[in-house]
Amino acid sequence: MAISAAETEQLREAVRDLLADRCTETDVRRVMATDSGYDPELWKQLADLGLPGLLIATEHGGVGLGAEELEAVSEEIGAALVPSPFLSSSVLTATLIDAAGSEEDKRRLLPGLADGSSIGTVAVTGPAGSWTPEGVAVQANGTLTGTASYVTFGQLADVILVVARTDDGFGVFEVAPAAPGFLRTAAEVFDPTVRLSQFTFADTPARRVGTAGWEAVQKALDLSTVALAGEQAGGARKIFEKTVEYLNTRVQFGRAIGSFQAMKHLAADRLLDVESATSAARHAAADGGPGAIALAGFACAEAYETVALSAIQMHGGIGFTWEHPAHLYLRRARSGAQLFGNSRLHRERYLVSKGA
Amino acid sequence: MTSADQLREEVRAWLAAEWTGLAPAPDRWSTTPERIAWLEKVVAAGYAVPTWPVEWFGRAWPAELADVIAAEFESAGAPGARQDKYSIPANTVLAFGTEKLKHDLLRDVLTERSRTCLFYSEPGAGSDLAAVRTTAVRDGDRWIVNGQKVWTSGAKTADYALLIARTDWDVPKHKGLSYFVVPMHQPGVDIRPLVQITGESHFNEVFLTDVEILADYLVGDEGKGWRVLQTALAYERSIMGDGARASRHGSIADDLVALARERGRLADPVIRDNLATVLALRELNALNNARAKAAAEQGTSSSVMSLGKLAMSGILHAEARLRTDIAGPETLLAGDANPVADDVNFLALNAFFTSIGGGTDQIQRTIIAERVLGLPKEPEIDRDLPFRAVRRS
Ligand SMILES: Cc1cc2nc3c(=O)[nH]c(=O)nc-3n(C[C@H](O)[C@H](O)[C@H](O)COP(=O)(O)OP(=O)(O)OC[C@H]3O[C@@H](n4cnc5c(N)ncnc54)[C@H](O)[C@@H]3O)c2cc1C
């Protein structure tokens, strides 16, 4: 389903208003310090807006919207640095079930994800962290054995999907949270707003979800890349706005520092980065092709990181403190630049899409 | 009103009947009789300036409809449509000129029967354009001009120049300027070619001695030239974001992937990385422009609009570096016997056309920071001094 641009804008504003109220910097810092890394209250409120079910079909209890609405909402989520399993559960897991699962799987799993009562994750890559077929380090042979790394919000999940090597290529498997031989360990993360786990499987019983192979995984990763790109564009815009505000208020040598050209010129260049990231993310959502997604995959990640780095430089000493939010954006930028495939991978895919 | 589909049909049919192609002009500064004849037809059909009023060759159409024309012309490879979007002199004269000036100039400019150049920069006034010292003094129904301009592109082939000159030395610098159209073919206009870093010579220094201008050729009011100039410069900057001149020999393709493949460099990881960077810069600029255009059509302003020229400077310099990487040591060579190297080297040097010409990247960044981001203005120590008292280099 697609809704009008005006309706998308309404949805975006509803999310923005909620986050302005319920996901302030203080909230982010409070949630960062918790074990779970998310705010169940906020999650419920996001569910009331339909966010966890955004991509899930109405027949399975979702809202049934598409990539463009997802991208718009993601810009707001990224701007507010929302610590939540949205990307992991509502995008990656929901899309994978939709792409790989049987009707029965969908009927059983999607409604819980849609109303936010269950939280999903997908274990894809091994220690290589490449999110490519080569990176998969779990073997399926009746049961699962091996390791999956960088599993987003893995500790939280009760719907657990694992991508594993099979005799016929790759398969998607569902593992029960209490399955024997399944161990999940929370990793210590650089960006406390995005939690990661390591999963190990030792002869762990698992149920194959549908018969789909890597294409289904790629589809879910692609949509996740679109959402992540939206988060990156939104995060870049937000920290850039905060920086421009600071340039207007901080006074040195009797002048606002924004009156110095060194600052103006950095700011003009970063504006180009922010706008280009926004264009790339929106285009990826509208186009959906591999070239557009690959472009967003590296352009948004790189722009966000550059904008966040400049923001710290432009804030001077205060930017180097834990207290100032600039580093939270840089952390999020740096984590996003590795998740679901790094710039190198996306650049290569982009070139291939251009016939190179 | 005509619908977009009807118009598309109309333009397509018209092009099918009229357009048979043109031999290219020797360069962008000159034109040919065939080209003029073609442009006459485009003007007569109302396609040259479709958004303009009907009495001035237009059809008073909204931009979306006019874009349909541009798209059809572009796919046919035919020039001349949508000059309401890219002709600096035509738009400036339409917006600010007297009836007589519009009458004398517009048609000839749109058909390239008359060519124009820009008398803006001076030895002491480049980035600081408001510092021009070329002076115009009123004498009855004429103005008499004396001074020197520099870096004037296309002066040798121009019939008119758009001139910014000082008409009052006793007020602060922005207030004493006026904007004129100067006929080039008259005594006292002395054009001396300057050789560019590319070895070409399309720009010049121009000495003006007792040059005469009709009072009707004052554009906008006396002393209000800065405002006219700002509008004209905004046009220029928006056009310069759209693209740039291609190679000298046409021996290297715009298709960078094909170039890398042809030269056996496509597997080199460093080349691949640069290639992805450059292709992405190009595509991002196109996507930004599309967003700016969509915003303009919805009547909202977008900060993206002002970014095109700065983006283009970056793209052209990055492309030049990549092409140099691909061609390798061959770029040590030059001349007609080495057309690929010659093109690559040409493009590397010519990239400055965009990053200096029409305002440098540094000035452009300052403009974006102040006008788009709202950062505090540069302190201007000479802003309120009478121009006579201002320090000069
Ligand atoms: C190919 C080409 C074609 C041109 N065609 C024309 C033409 O047809 N007609 C015409 O009138 N002019 C033309 N120009 C002139 C062009 O507009 C000027 O060269 C340009 O505006 C810069 O002025 P300048 O050369 O005097 O450099 P300057 O203003 O002296 O600048 C020198 C350096 O100082 C920097 N600088 C200057 N002021 C500032 C500031 N306030 N803040 C930060 N940095 C600053 C500049 O960025 C530059 O790096 C052309 C130039 C080129 C290169």
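Show me B:52-63, A:149-160 ranked by packing, highest mean number of other Cβ atoms within 10 Å first.
A:149-160, B:52-63
Counting only protein heavy atoms and using a 1.4 Å probe, what share of the accessible area of the stretch A:30-103 belongs to carbon plus sulfur, as a whole percent?
C and S fraction of accessible area: 48 percent.
For every helix of n ≥ 4 consecutive DSSP H residues, a contribution of -39,500 (n - 2.57) applies; sum these over chain A, divide by its total residues, and give [θ] at 222 nm rounded to the nearest 500 deg cm²/dmol.
Mean residue ellipticity at 222 nm (helix-derived): -16500 deg cm²/dmol.
If the viscosity is 1.002 mPa s and the temperature 20 °C, what translational diffusion coefficient in µm²/s does Stokes-Einstein give for the protein assembly as shown when Rh comes from Kirkwood over Cα pairs?
Rounded to a whole number, D works out at 73 µm²/s.
Using a ≥ b ≥ c from the Cα gyration tensor of the stretch B:212-263 (square roots of the eigenvalues), is it rounded, prolate or oblate, where a/c under 1.5 gives rounded and otherwise the larger of a/b and b/c decides, a/b for prolate?
Verdict is prolate for the stretch B:212-263.
Among the lysines, select those whose C-alpha is under 21 Å from the C-alpha of A:Lys264, and discard any that sit fewer than 8 residues away in the same chain.
Straight-distance partners of A:Lys264: A:Lys238, A:Lys242, B:Lys309, B:Lys377.
Mean shadow of the stretch A:172-222, computed from the convex hull of its alpha carbons, in nm²?
Mean orientational projected area (the stretch A:172-222, Cα hull): 4.8 nm².
Taking Cα atoms, how many degrees apart are the long axis of helix A:290-315 and the longest axis of chain A, rounded to 10 and kept between 0 and 90?
For A:290-315 against chain A, the angle is about 40 degrees.
Based on a Kirkwood Rh over C-alpha pairs, give the Stokes-Einstein translational diffusion coefficient of chain A at 25 °C and viscosity 0.890 mPa s in µm²/s. Don't skip to the answer; put the middle values down first.
On the way: Rh = 20.6 Å.
Estimated via Stokes-Einstein, D reaches 119 µm²/s.
Most fluctuating residue of B:Trp14, B:Trp29, B:Trp38 in a GNM of chain B with Cα springs under 10 Å: which is it?
Result: B:Trp14 has the largest fluctuation of those listed.
Give the Cα extents of the stretch B:1-63 along the principal axes, in whole Å, largest first.
40, 25, 16
Cβ under 14 Å from A:Tyr350's Cβ, A:Tyr350 left aside: what net charge do those residues give with Lys, Arg +1 and Asp, Glu -1?
Numbers: positive: A:Arg344, A:Arg347, A:Arg349, A:Lys354, B:Arg272, B:Arg282; negative: A:Asp222, A:Asp287, A:Glu302, A:Glu348, B:Asp273, B:Glu283.
Surrounding charge for A:Tyr350 is 0.
Based on the alpha-carbon set only, what is the convex hull volume of the stretch B:111-213 divided per residue, in Å³?
109 Å³
Apply the Kirkwood formula to chain B: the hydrodynamic radius equals the inverse of the mean of 1/r over all pairs of different alpha-carbon atoms; give it in Å with one decimal.
23.0 Å is the Kirkwood radius here.
When only alpha-carbon atoms count, how far does the stretch B:150-210 stretch along each of its three principal axes, as whole angstroms with the largest first?
41, 26, 16
For the stretch A:184-299, build the convex hull from the C-alpha positions and give me its volume per residue in Å³.
Spelled out: Cα convex hull of the stretch A:184-299, divided by residues, is 140 Å³.
List the extent of the Cα atoms of the stretch B:206-314 along each of their three principal axes, largest first, rounded to whole Å.
Extents along the principal axes, in whole Å: 64, 42, 18.
About the Cα centre, and with charges only on the beta carbon of Lys, Arg (+1) and Asp, Glu (-1), how big is the dipole of the stretch B:285-375? Nearest 20 debye, please.
Value, rounded to 20: 520 debye.
Find the centroid of the Cα atoms in the stretch B:202-242 and in the stretch B:316-393, then give the distance between the two in whole Å.
Computed from Cα coordinates, the inter-centre distance equals 21 Å.
Students often check this: by mean Cβ neighbours within 10 Å, which of B:144-157, A:319-332 ranks highest, and how do the rest follow?
B:144-157, A:319-332
Evaluate the Debye formula for the stretch B:1-109 with equal point scatterers sitting on the alpha carbons, no solvent, and hand back log10 of I(q)/I(0) at q = 0.23 Å⁻¹, in q order, two decimals.
Results for the stretch B:1-109 at q = 0.23 Å⁻¹ read -1.36.
Any of B:Lys102/B:Lys293; B:Lys85/B:Lys293; B:Lys102/B:Lys175 with alpha carbons more than 18 Å apart? Name them for me.
B:Lys102/B:Lys293; B:Lys102/B:Lys175
Quick check: the angle from helix A:103-115's long axis to the longest principal axis of chain A, C-alpha only, nearest 10 degrees?
30 degrees
Would you kindly give the portion of the calculated P(r) for the stretch B:72-128 that falls above 12 Å, as a percent of all Cα pairs?
72 percent
What average count of beta carbons from other chains do you get within 10 Å of the Cβ of residues in A:343-350?
Values: counts 2, 4, 0, 2, 7, 4, 1, 5.
What the average comes to for A:343-350 is 3.
So what does log10 I(q)/I(0) come out to for the stretch A:42-181 at q = 0.12, 0.15, 0.21 Å⁻¹, using the Debye formula with one equal point on every Cα and no solvent?
Taking Cα atoms of the stretch A:42-181 as identical point scatterers yields -0.48, -0.74, -1.29.
Show me the three semi-axes of the equivalent ellipsoid for the stretch B:279-393, from the C-alpha gyration tensor (sqrt of 5 times each eigenvalue), largest first, rounded to whole Å.
Semi-axes (√(5λ), whole Å): 35, 24, 10.
Helix A:5-22: angle to the longest alpha-carbon principal axis of chain A, degrees 0 to 90, nearest 10?
Taking the Cα atoms of chain A, the angle to A:5-22 is about 80 degrees.
If we count every other residue with Cβ under 12 angstrom of B:Ser355's Cβ, Lys/Arg +1 and Asp/Glu -1, where does the sum land?
Details: positive: B:Lys309, B:Arg365; negative: B:Asp361.
Net of charged neighbours comes to +1.
Calculated from DSSP H runs of 4 or more alone, at -39500 (n - 2.57) each and per residue, what is the 222 nm mean residue ellipticity of chain B, nearest 500? Don't jump to the answer; show the numbers that get you there.
Working: 13 runs with 163 residues, N = 393.
Helices in chain B give a 222 nm mean residue ellipticity of -13000 deg cm²/dmol.
Taking all pairs of different Cα atoms in the stretch A:96-158, averaging 1/r and flipping that mean, what Kirkwood radius in angstroms comes out?
When all Cα pairs of the stretch A:96-158 are included, the Kirkwood radius is 13.1 Å.
By a straight-distance test (C-alpha under 14 Å), which aspartates and glutamates pair with A:Lys354 as possible cross-link partners, with residues fewer than eight away in the same chain excluded?
Straight-line reach from A:Lys354, under 14 Å: B:Asp254, B:Asp255, B:Asp273, B:Glu283.
Report, as an integer, the average count of C-beta atoms from other chains found within 10 Å of each Cβ along A:291-302.
2
Which one of B:Ala155, B:Ala267, A:Leu330 is farthest out on the positive end of the charge dipole of the protein assembly as shown, using unit charges on Cβ (Lys, Arg +1; Asp, Glu -1) and the Cα centre as origin?
Towards the positive end, the residue furthest out is B:Ala155.
At a temperature of 20 °C and a viscosity of 1.002 mPa s, determine how fast the stretch A:247-356 diffuses translationally according to Stokes-Einstein, using the Kirkwood radius over alpha-carbon pairs as Rh; express D in µm²/s, rounded to the nearest whole number.
140 µm²/s
Just to be sure I understand: with springs between alpha-carbon atoms less than 10 Å apart, which residue in B:Gly140, B:Gly124, B:Gly308 has the highest mean-square fluctuation in the Gaussian network model of chain B?
So, out of B:Gly140, B:Gly124, B:Gly308, the one fluctuating most is B:Gly140.
Write out the chymotrypsin sites (Phe, Trp or Tyr not before Pro) in the stretch A:241-312 meeting two conditions: DSSP loop, and at most 12 other Cβ atoms within 10 Å of their Cβ.
In loop regions of the stretch A:241-312 (DSSP not H, G, I, E or B), the sparsely surrounded chymotrypsin sites (Phe, Trp or Tyr not before Pro) are A:Phe253.
The values are calculated or read from the model by the stated rules, or taken from the named source; none is laboratory data. This one's a predicted model, so the numbers in the text were calculated from it and none came from an experiment. Glycine gets a Cβ as well: all are built from the backbone with ideal geometry, and neighbour counts include every protein chain shown. Keep in mind that these areas ignore ligands, DNA and RNA; they rest on the heavy atoms of the full protein, side chains included. Shrake-Rupley method; radii C 1.70, N 1.55, O 1.52, S 1.80 Å.
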